[in-house]
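Trainee: One structure follows; several queries about it will come next.
The values are calculated or read from the model by the stated rules, or taken from the named source; none is laboratory data. Quick caveat: nothing in here was measured; it's all calculated off a predicted structure. Backbone-built Cβ (ideal geometry, glycine too); neighbour counts: all protein chains shown.
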Amino acid sequence: MKRAEEIQKAVVLGAGTMGHGIAQALAQCGVATTLVDLDAAALQKGLAAVRKNLDTGVEKQKVTPEQRDATLAKLAGSGDLEAASREADVVVEAVPEKLDLKRSIFAKLDATCRADALLATNTSSLSITRIAEACKRPERVLGMHFFNPVHIMKLVEVVRAAQTSPQAATLALELSRRMGKDPIDVKDSPGFASSRLGLVIGLEAMRMLEQGVASAEDIDKAMVLGYGFPMGPLKLTDLVGLDVRLSIAEYLTKEVGPNFTPPQVLRDKVARGELGKKSGRGFYDWKN
Ligand code: NAD
């Protein structure tokens, strides 16, 4: 298996909220990266979001114009996973939080990728061990759980499945550092170290909103001003996506227990298409 500094080619699967940011972070550290999505419009939206992030970085003088151009030169888009992944040193999957979908994608990657490729999933909660079971090389499968927005957030949870080899975990930790991130090393367990704890606060904030304890703004303000959170739990849910949080809550209810039962307000909003920032409305109005 290659060392992190030898990694030259990556594929990121899924160009949504997370995938485009992961592709940007890989391209930004010099890895030739192909962003793949089945939906051509989602792919174009993801590539445009990377350009916008980089332009904003230049405006704020966090990124030089040369770094922006070099990053964009390392980034390509494709609708063909098989062709894109054949030569990849690493694949990061960021498709919706559905176990069956992820398992079917890993079975496909297993058939097309080089034997020494590292296969990572960005799942927020699902069992990496179950995902790895879909492959004949489960020792090369692990979690690389990035945080939203990926181009700004430093944390990566490197999650070791039961079958992950120590070499694969070391490579993922080193690659995270090469991407400018600060990784933590976590054992596979539902919700890992981050989502399990973060979701409890998010779901409780929703129950408080349902019970009329305070407005969304004031519940968030309590955590920001009272507890030093950088952002309140309801606004964070809007950024993550209400559909994403609902999927995680349903999974953790099954795997961990009833503390994670999704509040009705979350189910209702998802049913109405109020998915947070990406749809223009969630607990807040994002249209303007
Ligand atoms: P998203 O809905 O924004 O994007 C998913 C993308 O995957 C869409 O563009 C969709 O077209 C594409 N897709 C669906 N099926 C596909 C397939 N078979 N092949 C290729 N592309 C396909 O989702 P997201 O919020 O980016 O979440 C992706 C993953 O990252 C999930 O597992 C989620 O739990 C995890 N995650 C999300 C966040 C967050 O804040 N949203 C944070 C950390 C981890």
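Trainee: Being touching a His at 6+ places or on another chain (Cβ under 7 Å), within 12 Å of His151 (Cβ to Cβ) and small (Gly, Ala, Ser) is the filter here; which residues of region 45-70 pass it?
Mentor: Ala49
Trainee: Can you name the residue in region 105-128 that is in contact (Cβ under 8 Å) with a residue 40 or more places away in the chain and hydroxyl-bearing (Ser, Thr, Tyr) and, of all such residues, is nearest to the ligand (Cβ to nearest atom)?
Mentor: Selected residue: Ser124.
Trainee: Select from region 248-273 the residues that are surrounded by 20 or more Cβ atoms within 10 Å (Cβ to Cβ) and within 22 Å of Gly14 (Cα to Cα) and write down the one among them that is nearest to the chain's Cα centre (by Cα).
Mentor: Ile248
Trainee: Restricting to region 66-84, count the residues that are polar (S, T, N, Q) and away from the ligand (no atom under 11 Å from the Cβ).
Mentor: The qualifying residues number 2.
Trainee: Residues of region 31-50 being more than 10 Å from the ligand (Cβ to nearest atom) and surrounded by 15 or more Cβ atoms within 10 Å (Cβ to Cβ), which ones?
Mentor: Val31, Ala32, Thr33, Thr34, Leu47, Ala49, Val50
Trainee: For region 130-147, indicate whether the set of residues that are of a type in the set (A, V, I, L, M, F, W, C), assigned to a helix (DSSP H, G or I) and either surrounded by 19 or more Cβ atoms within 10 Å (Cβ to Cβ) or not assigned by TED's automatic domain parsing to the domain that holds Leu242 (or both) is non-empty.
Mentor: There is at least one residue in region 130-147 that is of a type in the set (A, V, I, L, M, F, W, C), assigned to a helix (DSSP H, G or I) and either surrounded by 19 or more Cβ atoms within 10 Å (Cβ to Cβ) or not assigned by TED's automatic domain parsing to the domain that holds Leu242 (or both).
Trainee: Here's another thing I want to ask about it. Can you go through Leu175, Leu203, Leu246 and tell me which one is touching a residue at least 40 places away in the same chain (Cβ under 8 Å), within 19 Å of Ala94 (Cα to Cα) and in contact with a helix residue (DSSP H, G or I) (Cβ under 8 Å, 6 or more places away or on another chain)?
Mentor: Leu175
Trainee: Quick check on this structure: which one of Cys113, Cys29 is touching a Gly at 6+ places or on another chain (Cβ under 8 Å), modelled with pLDDT of 95 or more and assigned by TED's automatic domain parsing to the domain that holds Asp182?
Mentor: On the way: Cys113 fails: touching a Gly at 6+ places or on another chain (Cβ under 8 Å).
So the residue among Cys113, Cys29 that is touching a Gly at 6+ places or on another chain (Cβ under 8 Å), modelled with pLDDT of 95 or more and assigned by TED's automatic domain parsing to the domain that holds Asp182 is Cys29.
Trainee: Could you go through region 89-104 and let me know if any residue there is more than 15 Å from the ligand (Cβ to nearest atom), assigned by TED's automatic domain parsing to the domain that holds Val50 and not small (Gly, Ala, Ser).
Mentor: yes
Trainee: Same structure, new question: Restricted to region 158-189, and to residues that are assigned to a strand (DSSP E or B) and within 25 Å of Ala32 (Cβ to Cβ), which residue is farthest from the ligand (Cβ to nearest atom)?
Mentor: Asp182
Trainee: For region 201-288, give me every one of the helices (runs of 4 or more DSSP H) that falls completely inside it and has 2 or more residues that are outside the structural domain of Ser125 (by TED's automatic domain parsing) and under 20 Å from Gly21 (Cβ atoms).
Mentor: 233-240, 242-255
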